[in-house]
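Structure first, commentary second.
The values are calculated or read from the model by the stated rules, or taken from the named source; none is laboratory data. Since the model is a prediction, treat every value here as computed from it, not as a measurement. Cβ: placed from backbone, ideal geometry, glycine included. Neighbour counts: every protein chain shown.
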């Protein structure tokens, strides 16, 4: 998440940079510009989450810049920093959907508070947008599912299978896997059920158990090491699941006992 500070007064920018608690805000990057044209150039090259800008600048005001951002970078949240505490300017700012209006010289705590709010609103907007995209993909997936060939269905399942294999030693949830392929969790679960005749969680367990069995047969790894390698940091839980799946404990299986698959 990037912040762009725009002010033609060098000392004003330095004052903000020196006084604000950046360790608390944790922006990925804080950029600065001294004019309208410099700011536009930066915003054309990079995704700016929050814009903090002065109103009075040469060759284009802060309100002009905010208007440009509204058209070309609508996700950017804007905060005005001005030496003018005037109602007409505040009205213009409201019409441009400015998030906050700070008067110079800014109190560091007020700047920090405004930027914290902006970060929170930006994150919330992104989350809403992500769920809207999920909804669009879900509808698209439903249409694909009704088609005779449904090529997208095989792609989604195959992509998820590949991800599971690559991250088999990590905690895996249906929600995380659905996010990886940009679909609704319920939709992905239905696709897996149709292809494998088991739930997504059952498929993950099956993959882990088959890998664990192969490692116990073909390597000199300890049972606890195998347990961790297939995503079960809790040794006792791994043993319980393995015995339920194969009919013997991992140690018995490793020593050559015959197990049975369910």
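In segment 210-236, which residues are within 10 Å of residue 250 (Cβ to Cβ) and either in contact with a strand residue (DSSP E or B) (Cβ under 6 Å, 6 or more places away or on another chain) or part of a helix (DSSP H, G or I) (or both)?
212, 213, 215, 216, 223, 224, 226, 227, 235, listed by residue number.
Quick one: which of 198, 165, 243, 193 is over 27 Å from residue 129 (Cα atoms), surrounded by fewer than 17 Cβ atoms within 10 Å (Cβ to Cβ) and touching a residue at least 40 places away in the same chain (Cβ under 8 Å)?
When all the criteria are applied, what remains is 165.
Here is a list of conditions, (1) within 17 Å of residue 115 (Cα to Cα); (2) modelled with pLDDT of 90 or more; (3) crowded, with 16+ Cβ neighbours inside 10 Å, and residue 40 meets all of them except one; can you say which number that is?
Tallying (1) within 17 Å of residue 115 (Cα to Cα); (2) modelled with pLDDT of 90 or more; (3) crowded, with 16+ Cβ neighbours inside 10 Å, residue 40 fails exactly one: (1).
Just to check your reading of the model, which residue among 135, 67 is in a helix (DSSP H, G or I) and at pLDDT 85 or above?
Within the list 135, 67, the selection yields 67.
From the set of residues in segment 1-30 that are assigned to a strand (DSSP E or B) and crowded, with 17+ Cβ neighbours inside 10 Å, which is farthest from the chain's Cα centre (by Cα)?
For segment 1-30, the residue satisfying everything is 6.
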